[in-house]
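Here's the structure, in structure tokens; my notes come after.
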Amino acid sequence: VVPAVISLLTDFGDADYYVGAVKGTLARLAPGAAILDISHEVPPGNVTAGAFLLAAAAPAFPAGSVHLAVVDPGVGSERKILAARWRGSWLVAPDNGLLSGFFPEAEARSVERNDLFLSGPGATFHGRDRFAPVAGYLARGESWQELGPRLERPVVLSAPPPTRDARGLTGRVVHVDRFGNLVTDLPAGWLEDRPFVLEIAGHRAERLVGHFQQLGDGEAGILPGSLGTLEVVMNRESVAARWSLAAGATVRVFFR
Amino acid sequence: VVPAVISLLTDFGDADYYVGAVKGTLARLAPGAAILDISHEVPPGNVTAGAFLLAAAAPAFPAGSVHLAVVDPGVGSERKILAARWRGSWLVAPDNGLLSGFFPEAEARSVERNDLFLSGPGATFHGRDRFAPVAGYLARGESWQELGPRLERPVVLSAPPPTRDARGLTGRVVHVDRFGNLVTDLPAGWLEDRPFVLEIAGHRAERLVGHFQQLGDGEAGILPGSLGTLEVVMNRESVAARWSLAAGATVRVFFR
Amino acid sequence: VVPAVISLLTDFGDADYYVGAVKGTLARLAPGAAILDISHEVPPGNVTAGAFLLAAAAPAFPAGSVHLAVVDPGVGSERKILAARWRGSWLVAPDNGLLSGFFPEAEARSVERNDLFLSGPGATFHGRDRFAPVAGYLARGESWQELGPRLERPVVLSAPPPTRDARGLTGRVVHVDRFGNLVTDLPAGWLEDRPFVLEIAGHRAERLVGHFQQLGDGEAGILPGSLGTLEVVMNRESVAARWSLAAGATVRVFFR
């Protein structure tokens, strides 16, 4: 039997004790599970950034994985704890939009199982005291249905969807990656087979490329990215730094 | 049989080869053990910071775990190598105070087993050449007693204990966490059921809260923290940054 | 049966989704394998730095390990994908010099197995879509020979070898470690039993020590390092910061 896989995504940082306490709890409550870090460097409290990373990484994992995600500025308040079923895998997270990328496809339950929770000191480390025990429970193969009632309307972050018309496309930068590439929400398939110019904050890119080395020094290009959306990139240079851009910037494509 | 768990805490950083060499050695000497990172971002040589993180994270792990901790500015000198038994688990570390949080409860032995040590090049990578082999030995289930003689007085970092009297409490900030919360050494149970004011470096907090969202913008509050001690916090803001504070600051609580 | 070990070294950073997607793919394609991070903090696109770290960490791992290394600024171009056999272990990486430390000892094949590759969106995430599937294939114990034809001349980074003559030694700083120590390429055994002075960029060190605490405050010393080469170090201080040095600096040792 292959052991369960538990992935971790948090804003706890790699320099604190929080990640260790969560892993220790998982090792205790789901002995033998494989615990795999996605990232703990989500900016503190940035649910939007965490939601992006989780939605981007989770599809690669095997069915049956448990994805434990904690970016939880409302910890200790009345926000619910979610356990969601998605394509044969499980997602455990606060009900604050962190799972936005999985709804409405995923089915959510509100975890109401005080018997599973740990009574650690304080009320502000649900990663250790509540989320990890729920993830461990699911990793042990126990029943999702018994975690609590169905939740019909989990919190979903509202984001304006990208739009298209005969003249062009409008979207946003949804992520700046480690290399300074600008990941947009514009589906790569929306680019039509005719000339275009892409504009972000007064900067322009006009060349569609398949990989980075097709670009000259300091030239910006558009690339069909690894999430199926368009990316604005430079070769061996951060276009985000060159253009002083961050997630959230508006992207427009004009067909010509 | 569930494989052994080995946790890692070092000041090797996440950008160097040292962590990889330690993990490789553990995978070689304790095949099948689950290797779980606590953190490798302890500030270089900061034994006090490492001791705090290890004591905070270790209690979450299952009995039988091996905690390998290396923050070792005295590497290669005559400082001893400790293997300690603590609540059914094991601790392996230099004898420099890194295990302060576990004594006197833990029992220590001075590892004197040159036969276990690896003869890697140099005398300055005991993480790879000495600590990892000892941790691997314990993870394989071999005898702790045979590692060396009992050590009655392991090095323990001296820290002034928090104090209380009828007028109030005095303690210290022992950790600034990833969110900028000030973790103190004042037991949460020492707060009495009457008004108080907490002071740190001329700054004040007067409100006891259970979680962050009970605080207004820029308001500092006192929270019973996840280690059983009082924390000074703000909601979605770093109070450490706002007040320019670091670990070591004196905290006073005045009852009124 | 002990599960396969897969080590990971990339320049994907610890704050992005790329590492998670690679781990998820490995967990899916090589169920049960132990996935161990070496580092993901190789500076973006820095093949030389990645090659150093991999060559330094890999020897510690057990025979049979699969080392998956991705620092790949040429992703999507015509550069080959390597699968190399080295001392009973496997190396999977782009053919761009990242495996320089292993040749000519290692034997390389050019992976030409489109049937193994995943058709993820885009052409720029070979870590997820090509390298991870090849690493998973090898971790499952499948045939290296069938991955593709032998590659007689894999790309190897050219670096001037260190030299020695009767008057002294000449080499380079090849790595600045987390503690600011200057790791050189000068074999420790080249130091002769007579007085010497080491010079880097106008700075000098004359004392050979076995460990850090033998040095006085601010004193630079020479240490036989953990990779078998000479290191220039200070005690509890970064000599790289003190002398404003980075990898690449020329090191000269003059015998007297």
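The values are calculated or read from the model by the stated rules, or taken from the named source; none is laboratory data. All of these numbers come straight from a predicted model, not from anything done at the bench. Counting neighbours? That spans all protein chains shown, and the Cβs are built from the backbone with ideal geometry, glycine included. Only protein heavy atoms, including side chains, enter the accessible area calculation; ligands, DNA and RNA are left aside. Shrake-Rupley method; radii C 1.70, N 1.55, O 1.52, S 1.80 Å.
Structure summary
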{"quantity": "In degrees, nearest ten, helix B:47-57 long axis to first principal axis of chain B (Cα)", "calculated": "90"}
{"quantity": "C-alpha center-to-center spacing [the range A:8-56, the range C:63-137] in angstrom", "calculated": "28"}
{"quantity": "For the range B:69-77, Karplus couplings with θ = phi - 60° (6.51, -1.76, 1.60), whole Hz, Gly/Pro x", "calculated": "10, 9, 9, 9, x, x, 3, x, 7"}
{"quantity": "Spherically averaged projected area in nm², based on the convex hull that wraps the Cα atoms of the protein assembly as shown", "calculated": "35.2"}
{"quantity": "The range A:139-212: GluC sites (Glu not before Pro) in DSSP coil with no more than 16 other Cβ atoms inside 10 Å", "calculated": "A:GLU142, A:GLU152, A:GLU192, A:GLU206"}
{"quantity": "Descending semi-axes in Å of the range C:89-201, equivalent ellipsoid built from Cα gyration tensor", "calculated": "40, 16, 12"}
{"quantity": "Reach of C:LYS23 by Cα under 15 Å, taken over aspartates and glutamates that are not fewer than 8 positions away in the same chain", "calculated": "A:ASP37, C:ASP11, C:ASP14, C:ASP37, C:ASP129"}
{"quantity": "Vicinal HN-Hα couplings computed from phi for the range B:7-16 (Karplus, 6.51 cos²θ - 1.76 cosθ + 1.60; Hz; Gly/Pro x)", "calculated": "9, 10, 9, 9, 10, 7, x, 8, 10, 10"}
{"quantity": "Rounded accessible area per residue of the range B:1-150, 1.4 Å, Å²", "calculated": "31"}
{"quantity": "Overall form of the range C:1-146 per C-alpha gyration tensor (a/c, 1.5; a/b vs b/c)", "calculated": "rounded"}
{"quantity": "Rounded to the nearest 20 debye, dipole of the protein assembly as shown from Cβ charges on Lys, Arg, Asp, Glu", "calculated": "260"}
{"quantity": "Rel. contact order, % - alpha carbon contacts under 8 angstrom, at least six apart, the range C:181-256", "calculated": "41"}
{"quantity": "Over the range B:1-85, relative contact order from alpha-carbon pairs under 8 Å, at least 6 apart, %", "calculated": "41"}
{"quantity": "GluC sites (Glu not before Pro) within the range A:95-136: DSSP coil, no more than 15 neighbouring Cβ in 10 Å", "calculated": "A:GLU105, A:GLU112"}
{"quantity": "Shielded residues, the range B:120-153 - accessible-area loss of 40 Å² or more between chain alone and all protein chains, probe 1.4 Å", "calculated": "B:PRO121, B:THR124"}
{"quantity": "Positive-end residue, the range B:49-117 charge dipole about Cα centroid, Cβ charges, pick of B:ALA93, B:ALA60, B:ALA83", "calculated": "B:ALA60"}
{"quantity": "Surface accessible to a 1.4 Å probe, A:LEU215 within the full protein complex, Å²", "calculated": "10"}
{"quantity": "20 °C / 1.002 mPa s Stokes-Einstein diffusion coefficient of chain B, Kirkwood radius on C-alpha pairs, µm²/s", "calculated": "109"}
{"quantity": "Share antiparallel - DSSP beta bridges, chain C, percent rounded to 5", "calculated": "70"}
{"quantity": "Under the Debye formula (equal points on every Cα, no solvent term), log10 I(q)/I(0) of the range B:62-138 at q = 0.14, 0.16, 0.24 Å⁻¹", "calculated": "-0.40, -0.53, -1.15"}
{"quantity": "Gyration tensor verdict on the range C:172-229 (Cα atoms; rounded if a/c is under 1.5, prolate if a/b is larger than b/c, oblate otherwise)", "calculated": "rounded"}
{"quantity": "Normalised per residue, the volume of the convex hull around the Cα set of the range C:1-85 (Å³)", "calculated": "106"}
{"quantity": "Relative contact order computed over chain A (Cα-Cα under 8 Å; 6+ residues apart), in percent", "calculated": "16"}
{"quantity": "Nearest-0.05 FRET efficiency for A:THR250 and A:GLU192, computed from C-beta distance (R0 22 Å)", "calculated": "0.65"}
{"quantity": "Average accessible surface area per residue within the range B:167-256, 1.4 Å rolling probe, Å²", "calculated": "44"}
{"quantity": "Estimated inter-spin distance, C:HIS203 and B:ARG87, nm [label 7 Å along Cα→Cβ]", "calculated": "4.4"}
{"quantity": "Interface area, B with C, accessible, probe 1.4 Å, both sides summed, Å² nearest 100", "calculated": "2600"}
{"quantity": "Rounded to the nearest 10 Å², the accessible area of C:TRP90 at probe 1.4 Å", "calculated": "50"}
{"quantity": "Amide H contacts under 5 Å for C:VAL70, placed H, 5+ residues apart", "calculated": "C:LEU9, C:THR10, C:ASP11"}
{"quantity": "Selected from B:SER226, C:PHE255, B:GLY248, residue furthest toward positive end of dipole (the protein assembly as shown; charges at beta carbon)", "calculated": "B:SER226"}
{"quantity": "Of all accessible heavy-atom area on chain B, the percent that carbon and sulfur account for (1.4 Å)", "calculated": "50"}
{"quantity": "Karplus (6.51, -1.76, 1.60) ³J(HN,Hα), θ = phi - 60°, over the range B:136-142, in Hz, Gly and Pro reported as x", "calculated": "x, 4, 5, 5, 6, x, 7"}
{"quantity": "Candidates C:ASP72, C:ASP95, C:ASP115: whichever shows maximal mean-square fluctuation once chain C is modelled as a Gaussian network with Cα springs under 10 Å", "calculated": "C:ASP115"}
{"quantity": "Mean ellipticity per residue at 222 nm, deg cm²/dmol - from DSSP H runs of n ≥ 4 across chain C, formula -39500 (n - 2.57)", "calculated": "-4000 deg cm²/dmol"}
